[in-house]
1. Give the average, rounded to an integer, of partner chain Cβ atoms located within 10 angstrom of each Cβ in B:139-147.
2. Counting only residues 5 or more places away or on other chains, whose amide H sits under 5 Å from the amide H of B:H103 once H atoms are built in the peptide plane?
3. Sort the following peptides by mean Cβ neighbour count (other Cβ atoms within 10 Å, averaged over residues), highest first: B:264-274, A:14-24.
4. Which far-off residues, 5 or more places away or on another chain, put their amide H under 5 Å from the one on A:Q327, with H placed in the peptide plane?
5. Using Cα springs under 10 Å in a Gaussian network model of chain B, which residue among B:V82, B:V94, B:V123 shows the largest mean-square fluctuation?
6. What is the ratio of the Cα radius of gyration of region B:20-163 to 2.2 N^0.38 Å, with N the residue count, to two decimals?
7. Beyond a 22 Å Cα-Cα separation, which of these cross-linked pairs lie in this structure: A:K143/B:K147; A:K147/B:K147; B:K120/B:K286; B:K39/B:K143; A:K62/B:K62; A:K149/B:K143?
8. Provide an ascending nm list, one decimal, of label-point separations from A:L274 to the equivalent residue in each further copy; define each label point as 7 Å from Cα along Cα→Cβ.
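Quick note: the coordinates plus some simple rules give every number you see, no bench work behind them. Model, not experiment: these values are computed from the prediction. Positions of Cβ are backbone-derived with ideal geometry, glycine not excepted, and every protein chain shown enters the neighbour counts.
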Protein chains: 2
Amino acid sequence: MTIKKDYVRPLDLKNGRIDMGHGAGGRAAAQLIEELFLKAFDNEYLRQGNDGAVFDIPAGHKLVMATDGHVVSPLFFPGGDVGALSVHGTINDVAMCGARPLHIAASFILEEGFPLAELKRVVDSMAAASREAGVPIITGDTKVVEKGKGDGVFISTTGIGVVAHGVNVSGANARPGDVVLLSGTIGEHGVAVLSQRESLEFETTIASDTAALHTLVAAMLEASRDGVRVLRDPTRGGLATTLNEVARQSGVGMLLEEAAIPVLPQVDAACELLGLDPLYIANEGKLVAVCAPQSAAAVLAAMRAHPLGGNAVRIGTVTEDPHHFVQMATRFGGRRVVDWLSGEQLPRIC
Amino acid sequence: MTIKKDYVRPLDLKNGRIDMGHGAGGRAAAQLIEELFLKAFDNEYLRQGNDGAVFDIPAGHKLVMATDGHVVSPLFFPGGDVGALSVHGTINDVAMCGARPLHIAASFILEEGFPLAELKRVVDSMAAASREAGVPIITGDTKVVEKGKGDGVFISTTGIGVVAHGVNVSGANARPGDVVLLSGTIGEHGVAVLSQRESLEFETTIASDTAALHTLVAAMLEASRDGVRVLRDPTRGGLATTLNEVARQSGVGMLLEEAAIPVLPQVDAACELLGLDPLYIANEGKLVAVCAPQSAAAVLAAMRAHPLGGNAVRIGTVTEDPHHFVQMATRFGGRRVVDWLSGEQLPRIC
């Protein structure tokens, strides 16, 4: 009677590759989880070693749950990678509900043949993002699909958070007269990812803005707990689509000032080259806030005082409009409608 | 100035297909979400229409969070499909922590070209499973990858639940002398899925056992709140791997009675044909419980009184064993070690 008490040899994180056995739930899967995921994400919840993680929450709060799949291509881009993005994206979704993110769950779908060294890079980046944000990855799952049935790694992350008393943030809360604030320049994430596409590769110094925005949100709510009515991060579809969503959800219109919307000169140049409009390009470290008029100045000041809101600006106002149009006063003194993104301008940007 | 106020035409759920635009975050994505997902899953949380869902929880409880990716192939199989599985799987992960599942978040990764009619079938099945279980899908996300970079649909679901006072269930809690219970016959799910594989197709009347086990767990905890020490659903890797995981986690051994482990004759026959061992085959509607000796009879009776535990049996005991071996007394009077699953016996079974 012989039996392997432990793994025969450690995972080859330099030259090894994902094989179907890593997803079969047996010894190889257990080894991948222990030697890669648990080691990188290590915390008391994961150490429970169960099908889920048990945790306490502060009493009497409302909770928020948000989930996001991450299929960005390529996996690595200037300023970030799918791992960091998967942590930031879900933290931001939770934060945009006015909540303080507590925990993240991560589900990995790996493609057979994916190099373990690249997986380690992704996982280490997730671990770093999670630690920096103070939001641990407390439970997870790994599946493997055959070569040609996936694309390296897809990561679905789900976040849980708590809403402080008196906070009531929703896309449905914008009212005519409210002020629209933007936390900084737009378009960097999308342009940074596009610059790495094989079909398109171009030289640029633009890095993704990917970042966890929960401390920025906390600072804003500190400045005015009930004056912040809507929070959204303009990811897929960009600022234009996000504001259209809010306009529809709240049953209002918006009037933006084109000149007020900050865009880096390099992003402007890249967009011109590619025939894209920065208003429709994904961001991963910016937010839009709709604030009560009497709170806007305090919230804007709080944003500017935060490292992730140094370039925050007032970009427009909420209007009464039965058509729920987002309109924009252009630099040339005209006015145009800013429509939703149609079609597939930028696939797999996050 | 013209602008589409609504979608030009409704989603073609008969002959339409997923295109990259459905993942771009613009109008097409919004239409897919509204006309398919929101309609099928409809509930007050989804209607909030935000990046995440806000909900209340009963005060003073511990919470559980669990996540699971679902990549089963084929998507449809006797007794179930990826949609039902994605709801049951996550409900079960939450329930195996001794918790009452409250809510589910769902992240979809769709392949370009996937027929909308099939997606609707999957989504309707999820909706039915969720309603039947009383666990609503409260938030979600949809991404689209190019044809050949995915495989129809992958669904990652995350569940949240509450643990009642006095419940302390963990894979680390088994103690020598405890009793090992199994809720019913093993191997149906894996065999049902395998029977549909193109390379393997065989005639069988075996249907997947996929089911939500949270009400069974509730009945068991009702019978003995502190006598239920470990709960696990033997999915990937089967009963053998699950028991090995528990043995290692608890630092104990186990001794099983082969004759006590129920296997349907059709499953036995299929396994013989395929050269597989039912002990290693995935189940999606069964659970293993380790109980304190004085509680085992009451828990077993509660299982048998539940529709999903009619065939529940005592299959063995927990032993003291520094090697953490799972051993089995065979039908022939011998004794053998039941090892972990090695390698990739059954890829993409869930």
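1. Numbers: counts 8, 4, 11, 1, 11, 5, 8, 5, 0.
Taking the mean over all residues of the peptide, I get 6.
2. Here the answer is B:I160, since their amide H atoms fall under 5 Å of that of B:H103.
3. Working: B:264-274: 16.0, A:14-24: 19.9.
Those peptides, ordered most packed to least, come out A:14-24, B:264-274.
4. Hits under the 5 Å cutoff: A:M254, A:L255, A:L256, A:V338.
5. Of B:V82, B:V94, B:V123, the Gaussian network model singles out B:V123 as fluctuating most.
6. On the way: Rg = 14.9 Å, N = 144, 2.2 N^0.38 = 14.5 Å.
Cα-based Rg divided by the globular estimate yields 1.03.
7. Values: A:K143/B:K147 20 Å; A:K147/B:K147 13 Å; B:K120/B:K286 28 Å; B:K39/B:K143 18 Å; A:K62/B:K62 14 Å; A:K149/B:K143 15 Å.
Cα-Cα > 22 Å for B:K120/B:K286; rest within.
8. Here the equivalent label points are 4.5 nm apart from this one.
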